[in-house]
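The values are calculated or read from the model by the stated rules, or taken from the named source; none is laboratory data. Nothing here was measured: the structure is a model prediction, and the numbers come from that model. For neighbour counting, all protein chains shown are included, and Cβ atoms are generated from backbone atoms with ideal geometry for every residue, glycine included.
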Amino acid sequence: MRQALYSAPILKKYRLIISVAGCLLFLLGCDSKKQPTGRLHIVATTFPLYDFTRQICNDKADVYMLIPQGIDPLYYQPDHRAEEMLAECDVFIYAGDLTEPWAKRFLASKMENAIMIVDAGTGIYAEIADTSLGSQKRSENSGMLQRLQFWKGKQVGNAATAIWMDPVLSTTIIRNIESALLTADSNNAQSYARNAQKYLAGLQQLHDSIALAFKSCESRTLVYSGYFDFNLFARRYGLNCKSLLQASPEGELPDHRTAAAIPAFAGDVTGGIFYSQNADPRIIEQLAYETGAEIVQLHPPHKISSLAFDSGATYMSIMRENVAKIKKGLLCR
């Protein structure tokens, strides 16, 4: 039996969080203002949130993306452009304080604006820590969350902050966004609910296809350079992630350790070695030379390139492309 992405009790719980507590937790003003056109003006921080929102809204609202293409939301710092976008918006959607630690400070300085603030990550970190996610023990998952909260003045990468990389967790994001929109624009509630349901059905198909793609693979270990954006994705589908930087608390790769790490990594390499944008390619290049494996670049949707954005890429199209590359690199049948 396939794993369902969501269930009625869970949806009821999250609807309650947004609809009942929303005016206390997520709103600076419960009656969202509208533009002269009568349409909601929505700003979503990252591409996944932007894409989820525009799929739900369709033609009923104007949706804009805050963070420019190619920039990791973890490291983003708001500028004058961001302030101008916030001043014009009715609804601001972000992924939570762990994923976007800059957002709380940014929003606190704009409290005079009567806008709806939506934490689309509500409830997700509890799911990450739950034993139902993969085979990790609760203590291990809780420790991961503690490490995420321990910044020590230095951001340490998207080990488990790219919550949209897990399609199952993405359903909670979508439901949170949907519930907020139902509150902000009740006149278009039926359209939002219908579009969200249709998108969730497509997300279920994506989840099923990914689970099937990795059912039989020669290797289940993703070897990569740098901090990896696909950790939650790998955990969901029974894959392992191995990064040299996991052994480096400073998050850097000293030259003298590069060659020494080759033997420990070479045994996990199959058909491909993976990396994502902005990663240090040195260890990958040496591993590829030693093992003859292909270097494969993956594209996390929150780091979408300008080219992909302009060509009309979507969250689902980007995820399917990544799945095809990982499947090939792990020699899956």
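Tabulated data for the structure shown
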read-out	value
Qualifying residue in region 50-62 (condition: farther than 21 Å from Leu307 by Cβ, modelled with pLDDT of 50 or more and in contact with a Ser or Thr (Cβ under 6 Å, 6 or more places away or on another chain))	yes
Yes/no for Tyr94 being within 16 Å of the chain's Cα centre (by Cα), outside the structural domain of Ser317 (by TED's automatic domain parsing), more than 19 Å from Ala180 (Cβ to Cβ) and surrounded by 14 or more Cβ atoms within 10 Å (Cβ to Cβ)	no
Some residue of region 184-193 being at pLDDT 65 or above and touching a Gly at 6+ places or on another chain (Cβ under 7 Å)	no
Hey, Ala103 under 24 Å from Arg39 (Cα atoms), at pLDDT 90 or above, of a type in the set (Gly, Ala, Ser) and surrounded by 19 or more Cβ atoms within 10 Å (Cβ to Cβ) or not	no
Residue within region 115-122 that is in a helix (DSSP H, G or I) and not aromatic (Phe, Trp, Tyr) present	no
